[in-house]
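The values are calculated or read from the model by the stated rules, or taken from the named source; none is laboratory data. The structure presented is a predicted model; accordingly, all values stated were derived computationally and were not measured. Methodologically, a virtual Cβ is constructed for each residue, glycine included, from the backbone with ideal geometry; neighbour enumeration extends over all protein chains shown.
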Amino acid sequence: MKNNRQKWIAGLLCAFPLAMAAQQTEPLTGPQRLFEDGKVLFERHDYAAARQTLERYLQDKDRGVSHEEVDYMLACTAYELQLPDALRQLQMYLEAYPESRYRNRVQSLIGSAYFFEGNYEAALRAYQQVNIDLLGDTERDECALRLGTSYLKMNDLDEAYIWFSVIRAASSKYAADARYNLAYIDYVKQRYDQAWEGFSAVKDQPEYAALAPYYLADIQLIHNNYRQALQLADAYLQAYPQQEFVPQMQRIAGEAHYGLKDYAAAIPLLEAYHDAVDFPARNAMYRLGMSYFNTGVYSKAALRLGEAAGPQDAMSQNAYLHMGLSYLQLRDRSRARMAFEQAATTNFDPRAKEQALYNYALCIHETSYSPFAESVTVFERLLNEYPNSPYADRVNDYLVEVYMNTRSYQAALQSIAKISRPSRQILEAKQRILFRLGTESFAQADFQKAIDYFSQSLQLGSYNQRTQADAYYWRGESKFRLEQYVPAEADMKLYLGVAPSRNTQEYALALYNLGYTSFKQKKYEEALKWFSRCVQSGSLIPEKSVVADAYNRMGDCHFYARRFAEAGTQYAQASSVDPSLGDYSLFQKGFVQGLQRNYREKIQSLNQLISTYPSSQYVDDALYEQGRAFVQLEDNANAIKRYSLLVERFPESPLSRKAANEIGLLYYQDDNYNQAIAAYKKVIQSYPGSEEAKLAQRDLKSIYVDLNKVDEYMAYTSNLPGGVQFDASERDSLTYVAAEKAYMRGDIEGAASSFTRYLQSFPQGAFSVNATYYLGLIAYNQKDYTKAGTYLDKVASYPGSKFAAEAMELSAEMAYNAKDYNKALGLYKRLTDQAATPEVRNQAATGALRSAYMAKNQAEIIGTASTLLAQSKLTPELANEAYYYRAKAFMESGKTAEALNDFIVLAKDTRTVYGAEAKYQVAQIYFDQGQTAKAEQEVLDYIEVSTPHAYWLARSFVLLSDVYVKMGRKLDAKQYLLSLQQNYQADDDIAQMIETRLAKLNSVK
């Protein structure tokens, strides 16, 4: 096409004579006449008549002229008449006659057809196949104009410029069009002097009278010729009030007024422009915002400046600075803080950055805002970047206050470490910061780390007596959780010695903790003294359960000293203080009454426990003790009923094995031999391998001997399930004892060999379950978990064995570590039912909860967690875990309301990882329910309380941006995302969340 262009330019002014067709000399008739008439009409440009005549010619069977000439004229008339299929007819013509002498012209018409469709890329491809020199003058000029326009539309400004330059020089008809387009290209290329000349040359042309003035006015504005720009704009707005350039002329007029410092006049013009266009120019919005700022309309100033802010440049920096200043005037320090933060991130204007950074620091300090350690780092930035700043002295004073009050503990420590000679105030702040880091670690159940922080705080001395005392208290509490009772006791006593006041909750709790440290060391008289002092200060403790528990422990202390009357009094007192702990109190009260031989009162107390607390973990104990009381009253019938009820309701309880055996013994004593036999056989069948089963078989043997049915007894024992024989021979016993002694003295290899030989010799021996357990334990300690599982699973299948619980616990642990969570869940559940103590039962329930969570068994999670949470004494760490797993299970089960309740409980302490996520989840649930105001408040509260788990706080920032988008506050949404982007540096999915949302916000008005 460039060669064509050059040839055409070289011969542009040459005239090309058109060949005249020879005239017919003979009269024409029939089809020949139709052809000639159609041709004449075509040459006269009467395209409709020509097309009609030529179509009639094609219908005549006697036609003799070539189809090519007719098809050419028909294709051309289709183009000229703008028929829908004109483009296709032109293309079909070239396909049918590729060597046609009309090819060049048809190709140009194809290009023009594409041009008028707006398909400029296809038009250029078509024009590039045209030899423009061969076209007639008019068609040549039109083709050149369309070609230049197509390049312009495709943004190929250089090529367009060449073509328009040629047209301006060669075509009088299209010279004005060319000058306008050349001026436009110069304008776009920022060649404003040339553009001015071009637009000035065509401004009086009718077709450009309403177009050129816009560019002329804008050029004057660009050159800061505000009065000239305003004059042009005002004249245009008066002359053309309905033209498309009116909004742009309003912009120019408004910006000109701004340049002349006539801010009040600028505002209505720029607002009219803002409302009239979809995407207002940033520069105009900046000047509109500054006009509002300079006239004291701060709410509008912040809004419009927000539309000007965006890319990192000087305009954005100043826009953010003045947005912040506007928000300060509006007393909206939160938005002011975010605006100043953005202004302080770039260096286009150092003075603006310094002012923004200082105001940003003040906003953070005054609003206690520091989710990502900003309260410390921003003051340090200001001092480091502007050491000679006039704000420096004030910043140093603020920094001390920040150290004292910050929640960004690690950042504060790092900052203090840079100070070579810290003042007393700084050291006091450091003491407090280390203490708070200790409490954070404590909340996360990292007790050893907590102890380290508390110790570091205490090493600094007594700059703050309250902090020192609290450090002793919580270090003692941490040591207690690690079962370091002696050092825990020492710290609690140190706390009592330095506590600023005795009339505090902490002081009363220290007495309570000292009671427990003594109690755990079995120093019951000393424990009694501390617990007594605690209950005397009970009014200081808001939790009734703590005071009630102290009464219970006092009762236990009296109990161990065999002061049963005093013990009963304390248990009763505990029950009256907090009925939720009444089950233990009633059980212990009944037990003491039994020791005092008040058996009927014991039965009555235990009846009260069973009826009042039907889900208590002491119900099985109560039923067993009632059975024993009836035995003491020689009421065997009621004793048997109580024992039977225990076996029926709690078949896996260790007490049920004892009760089942007692049932047989009571029948035996009453000479009810058949019922005794049935009862003993049930024990042997239900609890194979247990001590109770051995006792049952011994008594069963006595019964059969008394009845002279020895053969029947022998037949029974030979067909026991599993063939277990309880009467071990001397060889059986000696072989096992030898193996056990080898194990106890540490000869593990020898013991393993001996236990194996024992099982080979006595596969059904009396000690086969024991030997199997030890082999499993040896394999476990040697980390041969496959072999260990085989042995221990077999032991666990004998629920009555003394090793069954230990075997289940180890098997469950191995299954969990091997990610066989369903097996682990089953074992932990069995262990929960068979546990002999509340401590083991809690451990098993915890294992079941974690296994259910990993197995994604929502029903089991909810059930197990609910059971755990129903207990009165549950450590805060385990309670948090149970709430968290249950909340997640509720969510998975579609029970959002129940999940929300649990998350709200957890969210009270965002220091823990569970509380950190829960706080976010609460806000997310509110948002999903359409409660945007509650979601917003929840996140803002989260920002206020902060958390050491930054990921969930960052997720909350992202959520807050979604909340603001839904509320139509897109500027706020953007600001929070930008703040998060600059302050959150972790390598996770937060960055992608931010980028996705910012891209969406930037793509819409």
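Yes/no per residue for (1) under 30 Å from residue 617 (Cβ atoms); (2) buried (at least 20 other Cβ atoms within 10 Å of the Cβ); (3) free of Cβ contacts under 8 Å to residues at least 12 places away in the same chain; (4) touching a Cys at 6+ places or on another chain (Cβ under 7 Å):
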| residue | (1), (2), (3), (4) |
| --- | --- |
| 750 | no, no, yes, no |
| 770 | yes, yes, no, no |
| 783 | no, no, yes, no |
| 786 | no, no, yes, no |
| 797 | yes, no, yes, no |
| 804 | yes, yes, no, no |
| 808 | yes, yes, no, no |
| 828 | yes, yes, no, no |
| 847 | yes, yes, no, no |
Worksheet item: Of these, 129, 91, which one is within 60 Å of the chain's Cα centre (by Cα) and outside any helix (DSSP H, G or I)?
Response: 129
Fill in: Residue within the stretch 696-703 that is assigned to a loop (DSSP other than H, G, I, E, B), more than 23 Å from residue 759 (Cα to Cα) and modelled with pLDDT of 80 or more present
no
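Would you mind stating whether residue 930 is of a type outside the set (Ser, Thr, Tyr), on the phi > 0 side of the Ramachandran plot and either surrounded by 21 or more Cβ atoms within 10 Å (Cβ to Cβ) or free of Cβ contacts under 8 Å to residues at least 24 places away in the same chain (or both)?
yes
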Practice prompt. Of the conditions (1) closer than 30 Å to residue 556 by Cα; (2) outside the structural domain of residue 576 (by TED's automatic domain parsing); (3) in contact with a Phe, Trp or Tyr (Cβ under 6 Å, 6 or more places away or on another chain), residue 517 clears all except one; give me its number.
Written response: (2)
Discussion item. Tell me whether the stretch 39-54 contains one or more residues that are over 29 Å from residue 140 (Cβ atoms) and in a helix (DSSP H, G or I).
Written reply: yes
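Could you say whether any residue in the stretch 989-1002 is among the acidic types (Asp, Glu) and outside any helix (DSSP H, G or I)?
yes
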Item to complete: Could you look through the stretch 610-646, keep only residues that are β-branched (Val, Ile, Thr) and farther than 18 Å from residue 832 by Cβ, and pick out the one that is surrounded by the fewest Cβ atoms within 10 Å (Cβ to Cβ)?
Response: 612
Item to complete: Go over the candidates 548, 561, 572, 565 one by one and state the one that is under 45 Å from the mean Cα position of the chain (by Cα) and of a type in the set (A, V, I, L, M).
Response: 548
Practice prompt. State whether the residues of the stretch 60-73 include one that is crowded, with 19+ Cβ neighbours inside 10 Å and within 30 Å of residue 157 (Cβ to Cβ).
Written response: no
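Out of 855, 918, 870, report the one residue that is buried (at least 21 other Cβ atoms within 10 Å of the Cβ) and among the aliphatic types (A, V, I, L, M). Step through it out loud before you land on a result.
Numbers: 855 fails: buried (at least 21 other Cβ atoms within 10 Å of the Cβ); 870 fails: buried (at least 21 other Cβ atoms within 10 Å of the Cβ).
On inspection, the qualifying residue turns out to be 918.
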Fill in: Filter pass, residue 443 being of a type in the set (A, V, I, L, M) and within 28 Å of residue 986 (Cα to Cα)
yes
Fill in: Lone unmet requirement of (1) assigned to a loop (DSSP other than H, G, I, E, B); (2) crowded, with 21+ Cβ neighbours inside 10 Å for residue 431
(1)
Worksheet item: Looking at 999, 991, 986, 933, which one is in contact with a Phe, Trp or Tyr (Cβ under 7 Å, 6 or more places away or on another chain) and not charged (D, E, K, R)?
Response: 986
Discussion item. So if I check each of 347, 384, which one is outside the structural domain of residue 979 (by TED's automatic domain parsing), more than 19 Å from residue 950 (Cα to Cα) and assigned to a helix (DSSP H, G or I)?
Written reply: 384
Worksheet item: With respect to the numbered conditions (1) under 20 Å from residue 575 (Cα atoms); (2) among the small types (Gly, Ala, Ser); (3) within 54 Å of the chain's Cα centre (by Cα), which one is the sole condition not fulfilled by residue 656?
Response: (1)
Worksheet item: Among the helices (runs of 4 or more DSSP H) confined wholly to the stretch 172-268, which include 1 or more residues that are touching a Lys or Arg at 6+ places or on another chain (Cβ under 7 Å) and crowded, with 18+ Cβ neighbours inside 10 Å?
Response: 175-188, 192-202, 212-222, 246-259
Discussion item. Which residue is nearest to residue 691 (Cα to Cα), if the candidates are limited to the stretch 780-822 and must be acidic (Asp, Glu) and under 39 Å from the mean Cα position of the chain (by Cα)?
Written reply: 809
Worksheet item: Regarding residue 611, is this residue within 52 Å of the chain's Cα centre (by Cα), in the same structural domain as residue 578 (by TED's automatic domain parsing) and in a helix (DSSP H, G or I)?
Response: yes
Fill in: Options 899, 923, 889: the member that is modelled with pLDDT of 90 or more, more than 20 Å from residue 367 (Cβ to Cβ) and surrounded by 24 or more Cβ atoms within 10 Å (Cβ to Cβ)
889
Item to complete: Filter the stretch 938-962 for residues that are outside any helix (DSSP H, G or I) and surrounded by 24 or more Cβ atoms within 10 Å (Cβ to Cβ) and give the result.
Response: 947
Worksheet item: Looking at the stretch 533-555, which of the residues that are surrounded by 20 or more Cβ atoms within 10 Å (Cβ to Cβ) and among the charged types (D, E, K, R) is nearest to residue 515 (Cα to Cα)?
Response: 553
Item to complete: Considering only residues that are β-branched (Val, Ile, Thr) and over 15 Å from residue 365 (Cα atoms), look in the stretch 403-419 and name the one that is surrounded by the most Cβ atoms within 10 Å (Cβ to Cβ).
Response: 416
